[in-house]
Every structure is written in structure tokens, then in C-alpha cells.
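Here is the structure we will look at.
The values are calculated or read from the model by the stated rules, or taken from the named source; none is laboratory data. None of these values were measured; they are calculated from a predicted model. Cβ atoms come from the backbone with ideal geometry, glycine included; neighbour counts cover every protein chain shown. Just so you know, the surface numbers come from the protein's heavy atoms only, side chains and all, with ligands and any DNA or RNA stripped out. Shrake-Rupley method; radii C 1.70, N 1.55, O 1.52, S 1.80 Å.
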Amino acid sequence: MTTEFAPPGPLDARDATRLRVLQCIRSAGAISRTDIAQALDSSPATVTSACVALLEAGLIREEQRPPSENVQRGRPRVMLQINGDALAVAGMKVARDAILVMIADFKGDEIGTYVSPLAQSRMSPDQLVQEVRRALDAACAALDMSPDQIAGLSLGMPGFVNGESSFMHWSSSVTERNVNFAPLFRRDLPCPTFLDNDANLVAKAEHLFGAGKGLRNFLVVTIEHGVGMGIVLNGELYRGERGCGAEFGHMKVQFGGALCQCGQRGCLEAYVGDYAMVRDAFTGRQVDAAKTIQDILDAARGGDTLAQEVLDRASQILGVALANLVNLFDPEHIVLARSRPPFDHPYSETLLNALRQNTVQVDAPLPEITVRNLNEMMWAKGATAHGIEMVTLLKLRGEGAEDAA
Ligand SMILES: [Zn+2]
């Protein structure tokens with residue numbers, strides 16, 4: 001099956017206004033045009049024009065409400081609401097052992113979730129797209145939906161990914177480098193599909209639904225197999241010029257240091273990522289591929305000095321690296337998110353001491369730090385939020401957008 005669509009590309013001023021109006025309706029629940037104009041400090045004509053486009057695309061609907069009680073002979077008020085039934089989107093995260101799927105309506109409310117197991121954690125680009133198709137079909141079948149009902153699919157993947165062009169420079173989930181996924185998506189998937197870095201999607205989820213709600217400057221650091229980061233600056237996700245910025249995990253912490261899965265040496269995640277800690281804690285011993293962070297913790301508790309050293313070193317390096325982030329960005333808040341068994345190592349005293357000692361000293365408290373034992377579906381939820389935004393742009397540019405403005 002082939003679908004014809006172009007990625008939405010950069011926002012122009014008209015798109016930006018329409019998205020702001022839509023966001024205003026989304027946060028208010030139900031709101032009149034006059035109140036939107038007031039909230040956005042816009043002219044009524046601008047708001048009316050944006051609403052015409054949103055109504056024609058079927059993304060919002062009108063509801064007549066009786067005049068307020070204190071207005072004796074007022075006219076009925078017309079309230080605008082998000083049309084939750086307008087469309088459904090699928091959000092997916094490619095994890096090591098499964099593709100996590102969430103299907104949501106246009107309001108962002110969950111319709112259902114599905115976990116599609118993966119036989120292997122690294123795949124060719126073609127295999128990956130086939131697995132995504134399989135996950136979509138299985139999720140839809142489980143939820144009694146047809147894949148044709150999905151208006152857009154947003155896919156989060158670890159690695160260096162350009163979210164605007166669906167070009168992947170490198171990912172630990174894929175066996176090849178420099179892959180343009182856009183034509184593969186068009187060839188094999190039934191709906192417009194958007195690729196992004198998974199940590200960016202977690203930042204998006206935290207911004208819309210979590211600890212970053214209402215904040216302008218905050219960071220989300222994800223620690224799992226690798227280490228990722230999402231940066232929100234001035235209320236917007238910062239992606240960098242080539243769309244693959246914020247690779248905190250590959251910040252160098254040691255010249256010629258430990259080998260990283262990206263092929264370079266001395267990266268942060270070569271000391272702090274799960275794979276690196278397992279590798280180092282069981283060096284020179286019978287290495288069991290099934291060993292996990294939990295085994296390192298158990299070994300350390302049992303008096304194993306190598307396991308304890310690996311934990312201490314990871315806490316110290318992560319603490320210094322976080323201090324560098326505070327020194328660079330001066331954020332309001334940092335979320336440390338990890339999806340595997342809750343354990344206290346990333347937030348240990350060693351980490352906090354390293355963070356305090358290496359932060360530039362000013363007469364102000366450190367940014368707030370939240371440790372999040374990330375619900376695995378939060379990744380997929382972030383992907384749905386991104387999918388809703390992308391599909392909105394496609395709808396506005398395609399259906400009824402041209403004559404509306
Ligand atoms: Zn690296």
C-alpha cells in the first residue's frame with residue numbers, strides 16, 4: 001500500500017497561530033472565540049480565521065450554550081471544543097525487546113495500549129518497518145479497530161534521528177547507519193508516519209502531561225540501555241540544526257575511555273548505560289547475556305567490590321555530567337527518567353554530592369530534580385502527543401486549509 005503525503009516541514013506564521021488557538025481550546029476544554037482572543041492577546045479576526053480552518057478540518061466543534069445566568073437577555077454563547085472523535089493516532093516506542101504501542105484519540109485520551117514483542121533488539125531498516133506494521137495491525141486488531149482509522153503514526157527510537165525528515169544517522173536498534181526511513185514508511189505503512197528520537201518524545205510527554213507542565217526551561221534525562229536527553233527551551237523542544245541535538249549520552253567524559261555502542265570512546269553512556277555497567281561489573285567472569293542492573297545491585301549488596309565500584313563510578317560520572325548540564329542550561333527542573341526496576345542508584349548520595357560539588361556556585365538553589373520510574377507507556381504517550389501535532393498540520397494544510405485563511 002502506498003500513501004501520498006509530505007512531512008509537514010517547518011511551521012509558518014499561519015500554522016503557528018492555528019496551533020496556538022488549538023492548544024488554547026485543548027487546555028480550556030471549552031472556550032468562546034472572544035475568550036481565546038483575550039487569552040492569546042490576538043485580534044478577534046485572527047482567531048475567527050484560525051477557527052474556520054480548524055472547524056473545516058473537523059478538528060474542533062461548536063456547542064451552543066445558554067447565556068450565563070447573570071446576563072438577562074444575552075444570546076446563546078458558542079463554545080469551541082476539541083473534536084476527540086476527529087481522528088486516532090498511534091504512538092510507538094522501539095524498546096530492546098518490544099514495540100510499545102498506544103492509540104489515542106484527538107484529545108490525547110488513550111484508546112488502548114499494546115505490547116508487540118521483538119525477537120531481536122537490532123534489525124535491518126526493512127525488518128524494523130515490518131515490525132512496526134505488525135505492531136500496528138496487532139494493536140488495531142486487539143482494540144477492534146482498522147488500521148485505516150489511524151490518521152498518523154509517530155515512532156520514537158533511540159539514537160541520532162532527524163525528526164523533521166525521518167532520517168536516522170545512527171540507532172542502537174538498527175544494523176545500518178544513515179537510513180532515510182521516509183520512503184520505507186510510505187511503501188509499507190498505511191498512514192503518515194513520523195520518526196523522532198525517543199528521549200525527545202519523553203520530554204514532550206513530560207511537557208504536556210508530567211513534571212514539565214507549564215515550565216519554560218527544563219531537561220529530561222533518560223537512563224536505560226543508553227542515555228538520552230530532551231531539552232525544552234522557552235517552552236519548545238530544542239532539536240539542534242541537523243535535528244539530532246541533545247545527545248547527552250555521547251558527551252565525552254574520558255579521553256580514549258571505554259568503548260561506546262556508537263563506536264566512539266569515552267562517552268557518558270559507556271559508563272552509565274545499562275549495557276556498559278553490566279559489561280564492566282562482570283568483566284573477566286562468565287558473562288551471562290541475561291545479566292541486568294538488578295544483578296549488579298544484588299552483587300554489590302552481597303559484598304562484591306567490583307559491582308560496588310561500577311555503581312559508585314556510574315553515580316559519580318552521572319553527577320558530574322548533570323552538574324555540567326546545570327552549568328550550561330540553568331534549567332528550572334531536571335527529570336531523571338528510567339523505565340527499569342526502581343532502584344536508588346541514580347539518585348544516591350554519591351551522585352548528589354558530585355552534582356553539588358561541580359555546579360557553579362551562585363546564591364540560588366539547585367534546580368529541582370525529579371526521579372521518575374518511567375512507566376514504559378510514557379514513551380508511547382509522548383509519541384501520540386507528537387503524532388497529534390503532526391497530523392494536525394497535515395489536516396490543516398490538506399483539507400479545507402487553502403480557502404479558509
Ligand atoms: Zn557514544
Problem set entry | Criterion violated by ASP188 - all others in (1) within 28 Å of GLU236 (Cβ to Cβ); (2) surrounded by fewer than 24 Cβ atoms within 10 Å (Cβ to Cβ); (3) in contact (Cβ under 8 Å) with a residue 24 or more places away in the chain; (4) not hydrophobic (A, V, I, L, M, F, W, C) satisfied | (1)
For this session: Kindly establish whether GLY91 is part of a loop (DSSP other than H, G, I, E, B) and either in contact (Cβ under 8 Å) with a residue 24 or more places away in the chain or of a type outside the set (S, T, N, Q) (or both).
Result: no
For this session: Within the range 145-158, identify whether any single residue is in a loop (DSSP other than H, G, I, E, B) and at pLDDT 90 or above, and answer yes or no.
Result: yes
For this session: Go through the range 244-273 and count every residue that is open to solvent by 60 Å² or more (accessible area, probe 1.4 Å) and either more than 9 Å from the ligand (Cβ to nearest atom) or more than 25 Å from the chain's Cα centre (by Cα) (or both).
Result: 6
Exercise. Which residue out of LEU40, LEU80, LEU100 is in contact (Cβ under 8 Å) with a residue 40 or more places away in the chain and not assigned by TED's automatic domain parsing to the domain that holds PRO147?
Worked result: LEU80
Exercise. Within the set of pairs 6 or more residues apart or between chains, which connect a residue that is without any contact (Cβ under 8 Å) to a residue 40 or more places away in the chain inside the range 297-313 to a residue that is surrounded by fewer than 16 Cβ atoms within 10 Å (Cβ to Cβ) with Cβ atoms less than 6 Å apart?
Worked result: none
For this session: Return the only residue of GLU241, GLU206 being of a type in the set (Asp, Glu), free of Cβ contacts under 8 Å to residues at least 24 places away in the same chain and more than 16 Å from the ligand (Cβ to nearest atom).
Result: GLU241
Exercise. Do we find that ALA182 is assigned by TED's automatic domain parsing to the domain that holds ALA119, closer than 15 Å to ILE388 by Cα and surrounded by fewer than 24 Cβ atoms within 10 Å (Cβ to Cβ) in this structure?
Worked result: no
Exercise. Taking the range 233-252 as the region of interest, how many residues are of a type in the set (A, V, I, L, M) and either touching an Asp or Glu at 6+ places or on another chain (Cβ under 8 Å) or in a loop (DSSP other than H, G, I, E, B) (or both)?
Worked result: 2
